[in-house]
Amino acid sequence: MVLPRKLLLLLIAWLAFAGTSSLALAAEFYTEDLRSPMAEAGPQGLEAFLVRPAAPKRYPLALLSHGSPRSFDDRATMSAHKYYGIALEYARRGFAALIVMRRGYGTSPGGRVDSVGACATAAYLPAAAVAVADLRAAIDAMARRSDVTTTGMIAAGHSAGGLATVALSAQALPGLVAAINFAGGRGSRDDDDVCNPDGLAQAFASFGRTSRVPMLWVYATNDLFFGPDLARRFYDGFRAGGGSAKFIAAPPYGEDGHYLYSVVGRPQWTPFVDAFLRERSLGGRDILSPPDPLPPPSQLNEAARGEFMRYLASTMPHKAFAVSPNGGYGWRSGRTTVDDAQRDSLAACMKWSPACTLYALDDRLTGAAQQSSTDQSARAR
């Protein structure tokens, strides 16, 4: 199967975009699966995923908060790994980016602990307080690490995570120096249909009375969750209370601008973030490049090389690519652990050949593949 043209063009466009900065530097990144301790979450704790530059030092925390799907059942399918592409953008800018799944999302226990109640009387302040408690627990856990500092940290969130980030900014946390709200809100049950919009606007106004952290707010003008008029109500109420924020009405994005803050949307939203960070002298001085593209296994034919390009384009760790000497292959992404990705990709490859070895794990070559690539480079010289 060859690489679909649309996906290939998206990958090429992203690689070109990532390499346009004159400040881009080749870099490697460290990732770690975590369970963030929290008494209310029980012994299992909160699901979390950390992405930072690989160089050993302490990096300021970028605490990233996710949205809430309209259907409660969809919460179980969520994963911190799905936000790897977003987190990588903050790691490229010199942060230790932590995606934490709040209680009731992904594998974090909690059920409906953050429910807003009946639609007509949706109560957003108690739900936001639950989200803030989860985020604060994650901050406390990160403060105990030797590779992360909460001094000079930032917070960023999307949709329900944007609302949670605004609520977090209202608590005057030591070390929190800036926050970003992408399309923040709760209670959207259908396009342009929000539960108790007056109560939601009042919640934002309430946070503005105590929030003094500089904020960036970004809402696309074709957002179907929280449209332009409602977003302005949120902002005006927040500012009236004394909150500090810059509002950007971003151009329309796709069919629903609520999804501007996405992996595919990176070329559109990262300039807003960069300008905001530069104004406050935050993040690394240079923007690091994404992980270098891996060379395809030499034994693959043209169609199989297209599949390897699909592997590279996948932003769902954990992933692995296995190959056989005669050009057979198998790959899987979005696995819970590296071991799962390795096992499943080898099993997929062995459907075609009994002699399969692991070629790549996530964004790096395995030891044997790396040696083979080095030997080939040496012969080429």
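Derivation of every value follows stated rules applied to the coordinates shown; laboratory data play no part. Owing to the predicted nature of the structure, the values given are computational and were not obtained by experimental measurement. Cβ coordinates were reconstructed from backbone atoms using ideal geometry, including for glycine residues, and neighbour counts include every protein chain displayed.
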inquiry  = Pairs on different chains or at least eight residues apart, Cα atoms closer than 24 Å: how many lysine pairs in the chain fit?
reply    = 4
note = Computed for the stretch 169-247: size of charge dipole around the Cα centre, +1 on C-beta of each Lys and Arg, -1 on C-beta of each Asp and Glu, debye to nearest 20, value 500
ask   = What longest range of the chain stays clear of loop-exposed GluC sites (Glu not before Pro) (DSSP non-H/G/I/E/B, at most 15 other C-beta within 10 angstrom)?
value = 29-254
message = Taking the Cα of THR210, stepping 7 Å toward and past its beta carbon, and measuring to each backbone N in the stretch 126-162: which are under 11 Å?
response = 129
message = Full-extension gain between ARG239 and MET350, please, as 0.36 nm times their residue separation minus the C-alpha to C-alpha distance.
response = 34.0 nm
task = Could you list the residues of the stretch 187-209 with an amide nitrogen less than 19 Å from a label point located 7 Å from the Cα of PHE72 in the Cα-to-C-beta direction?
result = 187-190, 194-196
request  = Just check the stretch 208-312 against the gyration tensor rule for me: Cα atoms, a ≥ b ≥ c as the square roots of the eigenvalues, rounded for a/c under 1.5, and otherwise prolate or oblate depending on whether a/b exceeds b/c.
outcome  = oblate
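For ARG278 and GLN44, compute 0.36 nm times the residue count separating them, minus their Cα-Cα distance, and round to one decimal in nm.
Working: separation 234, 0.36 × 234 = 84.24 nm, distance 3.82 nm.
Extra length from ARG278 to GLN44 when fully extended: 80.4 nm.
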ask   = Considering the Cα trace of the chain, what is its radius of gyration and what is Dmax, both in angstroms?
value = 21.7, 71
ask   = What is the calculated FRET efficiency for ASP193 to ALA54, with r their C-beta to C-beta distance and R₀ = 51 Å, to the nearest 0.05?
value = 0.70
